[in-house]
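The values are calculated or read from the model by the stated rules, or taken from the named source; none is laboratory data. This is a predicted model, so every value here is computed, not measured. What goes into the accessible areas is simple: the full protein's heavy atoms, side chains included, and nothing from ligands, DNA or RNA. Shrake-Rupley method; radii C 1.70, N 1.55, O 1.52, S 1.80 Å.
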Amino acid sequence: MEALYRERRSWLHSVPAGLKLLLVAVLGTVFFLVARLDVLSGAALACSVVVASLGRPGPGVRRLLLGMAVAVVLIIGFHAWQGQVRVGLTSSLRLWCACLLGVALSASTRYTELLEVIERLLAPLARTGVRTDRLALQLALMLRFIDHFFGHWQRLAESHRLRTGRSGGLGLVAPMVILMLRSAQRVADTLELRWPRR
């Protein structure tokens, strides 16, 4: 998420993180319940306008949108080959809307702000004896490691392309796993020093 965050403030940055997260959840659910192409097309246009209103997208957002555009074309092509063009259009519009909602949220919200929202949502569980601080930390680490994973993958892919002139593909999986295991071990050691087991 942090790789998609846009430092330059926009109108969406001033909207509370909790409200944005709620809107993403509600609208995402609505999009997957609606099957009318005209409604989904209008929603896709509205989501595109929202993302465009945030300003020029960063490299991370551009790569993500390009990948999603390719996925949309493949989905439509596959369903057209199966003789189900309408299903392909419906699925691709839903996917595109959900992707743009996620981009708008990630580009305008720091993951620390989302973590604060999650902590507030988990607060009632503390009365039942649940260690909400540890649960919130686990969620924060999950979000951070997703961002960390994509950052490492992009650097490995770029390095491999510079050395060989071609994509690394599945050959990058092994070094990626080693890097992530090392990162996880460093984080575990740090947490052990800060919060030793009792």
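Checking each residue in segment 157-173 for being of a type in the set (A, V, I, L, M), modelled with pLDDT of 75 or more and open to solvent by less than 60 Å² (accessible area, probe 1.4 Å) picks out only ALA157. Go through segment 114-135 and give me each residue that's under 23 Å from ARG6 (Cα atoms) and open to solvent by 70 Å² or more (accessible area, probe 1.4 Å). Scanning segment 114-135 gives a single hit, GLU116. Scanning segment 108-120 for residues that are of a type outside the set (Asp, Glu) and at pLDDT below 80 yields a count of 5.
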